[in-house]
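K.L.:
My questions all concern the structure below.
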Amino acid sequence: MSSQAKTSMITQEDEDHVREGMEKIRWISGPECPRCGSAFASPCKEKKPMPYRCRACRLHFSVRTGTVLAESRLPLTTWVQAIQTLTESQQETTFSTFSRRLGVSRKSARSLAERILQAWKGFQRVATIHKELDCAQPAAQLEVVPPIDASPEDVLRVVLGCEMHSPVPIPTVGVAMNAVPVSSPLAWSKKLSTTDAQRETSGGLVPYLRLTKSKLPPSEDFQTFFRQKMFFDQDWKPGSFGRELNIEKCKVIFDVTFRGVALGKVACELTHGPNRWQSNNTPNTWLHWPKKLKDLLELNDLSGSQVSITRSSSGLFALALGR
Ligand SMILES: [Zn+2]
């Protein structure tokens, strides 16, 4: 069998199969809008190149959207074959060999190699702190395609813009001075006010959730409970928010459910100002809605519904909005 014109031999079935595989890699819990992060996407069969439509921001998108694959017209199968060729070859490949193997023009082969290498090097640069990589030369200046020393799955994940386990060790989490170690699960809940639920109020939209006293036991001081118990071991850093200069911030990963629908892991920023209560009569700790949740709240009126935050005994967080 000739190695030429492989592209023309790719069937729709192959392509659908590869697309489904890529979607699973990119979106573990179903399609997610690349623009607003909403998990509510409807399939739209009539728009062939863009199989999904975001119900929050109406963007039509595909697994290519927002990745280096977006401007390419080459089949996804060819991309996967290119990644396999780059990771499987132990040595440099000439562009003509590369193009013959993939059954695409030399120009397409070069552009494919360049984009894959660029994505991979970008990832490597982030992952490598100490040394400049010797492969930092742009592919455009290369006469041959260098091999990539990684698995095709890892390269595909990087090309699709997925987060990878970094080879750099994760810094140890700083524990607050007077933190109380928690072993038993913790829970907090409140009824969403119209402001919390992102409804228009006379005071304007406040894009965060104030972590009030609500149903905490009387023994708990809600001004310090969140900073020193619930989220005591998160990576708090000094920062500012608007005009507030001396606050602390951290990112917390929550397993989110929205009206009973699991949305998967969502990172939310928390801010803590030790004097908020004293100076403005507002709780000291706030949870800032990420765009994904803010959009959902704007679309679905949850005022009067419950919001709850729980911390498991192993320190995992869940955020449930509405029932
Ligand atoms: Zn969207």
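The values are calculated or read from the model by the stated rules, or taken from the named source; none is laboratory data. These numbers come from a predicted model, not from an experiment. Neighbour counts are summed over all protein chains in view; Cβ atoms, including those assigned to glycine, are modelled from backbone coordinates with ideal geometry.
K.L.:
Being closer than 23 Å to Leu293 by Cβ and of a type in the set (Gly, Ala, Ser) is true for just one of Ser72, Ser38. Which residue is that?
P.N.:
Checking each option against the conditions leaves just Ser38.
K.L.:
Continuing with this model, one more query. So, of the residues in segment 131-149 that are crowded, with 17+ Cβ neighbours inside 10 Å and at pLDDT 50 or above, which turns out to be nearest to the chain's Cα centre (by Cα)?
P.N.:
In this case the residue turns out to be Ile148.
K.L.:
Considering segment 29-87 alone, what residues qualify as being basic (Lys, Arg) and over 15 Å from Asp16 (Cβ atoms)?
P.N.:
Within segment 29-87, Arg35, Lys47, Arg53, Arg55, Arg58, Arg73 qualify.
K.L.:
Residues in segment 187-211 that are assigned to a loop (DSSP other than H, G, I, E, B) and touching a strand residue (DSSP E or B) at 6+ places or on another chain (Cβ under 6 Å): how many?
P.N.:
Selection size over segment 187-211: 3.
K.L.:
Val18: closer than 30 Å to Val266 by Cβ, more than 16 Å from the ligand (Cβ to nearest atom) and either touching a Leu at 6+ places or on another chain (Cβ under 6 Å) or in a loop (DSSP other than H, G, I, E, B) (or both), yes or no?
P.N.:
Yes, satisfied.
K.L.:
Condition (residue is farther than 13 Å from Val159 by Cβ and in a helix (DSSP H, G or I)) applied to segment 52-62: is it met by at least one residue?
P.N.:
no
K.L.:
Considering Leu186, Leu192, Leu156, which residue is surrounded by 11 or more Cβ atoms within 10 Å (Cβ to Cβ), at pLDDT 70 or above and under 18 Å from Thr85 (Cβ atoms)?
P.N.:
Details: Leu186 fails: under 18 Å from Thr85 (Cβ atoms); Leu192 fails: under 18 Å from Thr85 (Cβ atoms).
Just one listed residue meets the conditions, Leu156.
K.L.:
Ok, one more. Which of the numbered conditions does Lys121 fail, given that it passes all the others? Conditions: (1) surrounded by 15 or more Cβ atoms within 10 Å (Cβ to Cβ); (2) in a helix (DSSP H, G or I); (3) at pLDDT 85 or above.
P.N.:
Every listed condition holds for Lys121 apart from (3).
K.L.:
Would you pick out the residues in segment 32-50 that are in a loop (DSSP other than H, G, I, E, B) and within 11 Å of the ligand (Cβ to nearest atom)?
P.N.:
Initial filter on segment 32-50 (in a loop (DSSP other than H, G, I, E, B)): 32-40, 44-50.
Listed by number, the residues that qualify are Glu32, Cys33, Pro34, Arg35, Cys36, Gly37, Ser38, Ala39, Phe40.
K.L.:
While we're looking at this one, here's another question. Select, from Ala41, Ala70, Ala56, the only residue that is of a type in the set (A, V, I, L, M, F, W, C) and over 28 Å from Phe258 (Cα atoms).
P.N.:
Matching residue, one of Ala41, Ala70, Ala56: Ala70.
Results for (1) more than 16 Å from the ligand (Cβ to nearest atom); (2) crowded, with 18+ Cβ neighbours inside 10 Å; (3) closer than 30 Å to Lys291 by Cβ; (4) under 19 Å from the mean Cα position of the chain (by Cα), shown as yes or no for each residue.
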site	(1), (2), (3), (4)
Tyr52	no, yes, yes, yes
Cys57	no, no, yes, yes
Val63	no, yes, yes, yes
Gly66	no, no, yes, yes
Thr77	yes, yes, no, no
Val80	yes, yes, no, no
Ile83	yes, yes, no, no
Leu86	yes, yes, no, no
Ser99	yes, yes, no, no
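K.L.:
Which fully enclosed strands (runs of 3 or more DSSP E) of segment 244-323 have 2 or more residues being surrounded by 16 or more Cβ atoms within 10 Å (Cβ to Cβ) and free of Cβ contacts under 8 Å to residues at least 60 places away in the same chain?
P.N.:
The qualifying strands (runs of 3 or more DSSP E) are 244-258, 261-272.
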